[in-house]
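Below is one structure, written out as structure tokens, with a few remarks after it.
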Amino acid sequence: MRIDVVTLFPDFVRQSASVGVVGRAQQRELLQVETWNPRDYTSDRHRTVDSSSYGGGPGMVMMIEPLRATLMAMRGAAPEPVHLIYLSPQGSRLTQGRVEALAKLPRIAMLCGRYEGVDERLLAHEVDEELSIGDYVLSGGELAAAVIIDAVGRLQDGALNDAQSAEQDSFSDGLLDCPHYTKPVHDALGSVPEVLLSGDHAAIARWRLKQSLGRTWLRRPDLLSQHALDVESRALLDEFRREHVRSGQARSNETVDD
């Protein structure tokens, strides 16, 4: 897969994409990340990419011409068709489902805005999709681009040493992930749940599903409302709820005793 990023800060994007899973994916030639700086496609000696906003107001707006020239060069750099994303707090919320869909494309590109954003005319004619990584405002699109590169890059076949890691991630099945434990078995902070040491794979799978359902119920109940639960899942969630109530009552009794 190829990812192109149009940005005024190409070093940041390249460095963030060079480490960890995404860095290994590039080394394995599973992923190619290229950057394009609009300042390289300006026609004046000051390399101007922005101007004041018509109608007044604070801040500058990124101009059409440098961006149009950059996008033209970017599109012509490889034969694959490009799905161009503008990173904006006004875009659709990024979800794991959208990440999975993007990861299947041969090539995507991301346009990183700065200042007050990009001239609306360019967005209307050049951009295929606007995406937001959350309901907050950043100084520019570069951090959002880094997030998407990581999320999409790790889903490329062979990027993860164990392909099942992606299948078990939070949101991959619409639920939050279950708790995980490692050595030592016993610690001052607590012990590993016995079921995980049992070797009973069916029991472990059942426990993990119950914890995943329970965590989603506690932390993101909105996800459960979108998730159709089968009979087993409903029973496990009811079991988790009963255990949660009992543990809360036990803690309350301990507090009273103290």
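General observations
- Test result for Glu126, assigned by TED's automatic domain parsing to the domain that holds Val49, among the acidic types (Asp, Glu) and either at pLDDT below 95 or within 28 Å of Arg39 (Cα to Cα) (or both): yes
- Those residues of region 19-45 which are within 23 Å of Leu84 (Cβ to Cβ) and small (Gly, Ala, Ser), in sequence order: Ala25, Ser43
- A single member of Arg39, Arg45 is exposed (fewer than 15 other Cβ atoms within 10 Å of the Cβ) and modelled with pLDDT of 95 or more, and it is Arg39.
- Positions within region 1-25 being under 22 Å from Gly76 (Cβ atoms), over 18 Å from the mean Cα position of the chain (by Cα) and touching a residue at least 40 places away in the same chain (Cβ under 8 Å), in sequence order: Val6, Thr7, Leu8
- Residue-level check: of (1) buried (at least 17 other Cβ atoms within 10 Å of the Cβ); (2) touching a Gly at 6+ places or on another chain (Cβ under 8 Å), Val99 misses just (2).
- Assessment of region 21-41 against the conditions (small (Gly, Ala, Ser) and under 22 Å from Val147 (Cα atoms)) yields at least one matching residue.
- Residue within region 48-69 that is of a type outside the set (A, V, I, L, M), surrounded by 15 or more Cβ atoms within 10 Å (Cβ to Cβ), part of a strand (DSSP E or B) and out of contact with any Leu (no Cβ under 8 Å at 6 or more places or on another chain) present: yes
- When Pro89 is tested against (1) at pLDDT below 95; (2) in a loop (DSSP other than H, G, I, E, B); (3) surrounded by 14 or more Cβ atoms within 10 Å (Cβ to Cβ); (4) of a type outside the set (S, T, N, Q), only condition (2) is not met.
- Selection from region 70-86 of residues that are surrounded by 20 or more Cβ atoms within 10 Å (Cβ to Cβ) and in a helix (DSSP H, G or I): Thr70, Leu71, Met74
- Residue in region 116-133 that is at positive phi and touching a Lys or Arg at 6+ places or on another chain (Cβ under 9 Å) present: no
The values are calculated or read from the model by the stated rules, or taken from the named source; none is laboratory data. Predicted, not measured: the structure shown is a model, and the values here were computed from it. Every residue, glycine among them, receives a Cβ derived from its backbone with ideal geometry; neighbour counts consider all protein chains shown.
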